[in-house]
Amino acid sequence: MGRPHRFHVDLPLAPVPGSVVTLATPVAHQVARVLRMRSGDVVHLFDGNGGEWRAFIEIGSGNAIVATLDGFLAETSPMGSVVLCLSLLKGEKFDWVIQKSTELGISHIVPMVTERSLPGSARPDRWHRIAVEASEQSGRTTIPEITPPMPLRHALTFQPMQAGPPCRVICWEDERTVPFLAPVRPARATGAPVFLYVGPEGGFSATEVDLALGSGAQAVSLGSLILRSETAAIAAVTLAMHAT
Ligand code: SAH
């Protein structure tokens, strides 16, 4: 038998076996109509705060579904925090990075307005839905937080979590000597939060790179080839996630 289907629920799950939750209509539709599950089938539910429950479903009239919590399952979130600060990108590219970086275990995504980013493409509801679906699918018990878009200069001092001093690295194609992992590996080894800054298709301007360096970020290279923004973002997230 495959893994049980996992669903995110919007309400905090009471830590009491036997408590009952009503599944929201889109989830109920997915369970009853799309997956054709039956009363008594097992699902896994998580509320995004780190825990996960095994639950039995009961399909009532009109396809309303209640789930009875049965057993608490262990927390599966990765250690430490990696925050991706990515310039707004055109079309579906930003959506794609949200989905992939969620699967890879990113903690926060900060959309950035930069000199060369394209204006007017923020879609917070859609972004949240993509993050929830990727979390359900990948087995994570937390949902990455996607902040409202902010200018680079705010993103350079943004710190959402209570943790020690962060390591901030700006991915810059003109940096030729410092490899990405040089500052990131030691930071991850100590559990320090790591902030990754990736620019738009047209790159960061020289002024922006200076601003980042002036606020304590380090410039790093992802190799001698020029990567597209979305490739650079996923390469950086992957390396950072595995650098512990
Ligand atoms: N338009 C620029 C390239 C921008 S690439 C040019 O043609 O020179 C888009 C973004 O991806 C950059 O802002 C940077 O953050 C990242 N990036 C791409 N290749 C990189 C590399 N080899 N090393 C570090 N960052 C890179």
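Some points to look at:
The rows are residues; the columns are (1) modelled with pLDDT of 95 or more; (2) over 15 Å from residue 169 (Cα atoms); (3) within 8 Å of the ligand (Cβ to nearest atom).
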| residue | (1), (2), (3) |
| --- | --- |
| 186 | yes, no, no |
| 189 | no, yes, no |
| 199 | yes, no, yes |
| 206 | yes, yes, no |
| 210 | yes, no, no |
| 234 | yes, no, no |
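The rows are residues; the columns are (1) surrounded by fewer than 17 Cβ atoms within 10 Å (Cβ to Cβ); (2) in the same structural domain as residue 12 (by TED's automatic domain parsing); (3) within 19 Å of the chain's Cα centre (by Cα); (4) free of Cβ contacts under 8 Å to residues at least 60 places away in the same chain.
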| site | (1), (2), (3), (4) |
| --- | --- |
| 139 | yes, no, yes, no |
| 160 | yes, no, yes, no |
| 178 | yes, no, no, yes |
| 209 | no, no, no, yes |
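- Checking each residue in segment 56-73 for being part of a loop (DSSP other than H, G, I, E, B) and without any contact (Cβ under 8 Å) to a residue 12 or more places away in the chain picks out only 60.
- Of the residues in segment 137-146, at least one is at pLDDT 95 or above and farther than 26 Å from residue 43 by Cα.
- Verdict on residue 43 being out of contact with any Gly (no Cβ under 7 Å at 6 or more places or on another chain), part of a strand (DSSP E or B), surrounded by 13 or more Cβ atoms within 10 Å (Cβ to Cβ) and not basic (Lys, Arg): yes
The values are calculated or read from the model by the stated rules, or taken from the named source; none is laboratory data. All of these numbers come straight from a predicted model, not from anything done at the bench. Every residue, glycine as well, gets a Cβ built from its backbone with ideal geometry; the counts of neighbours run over all protein chains shown.
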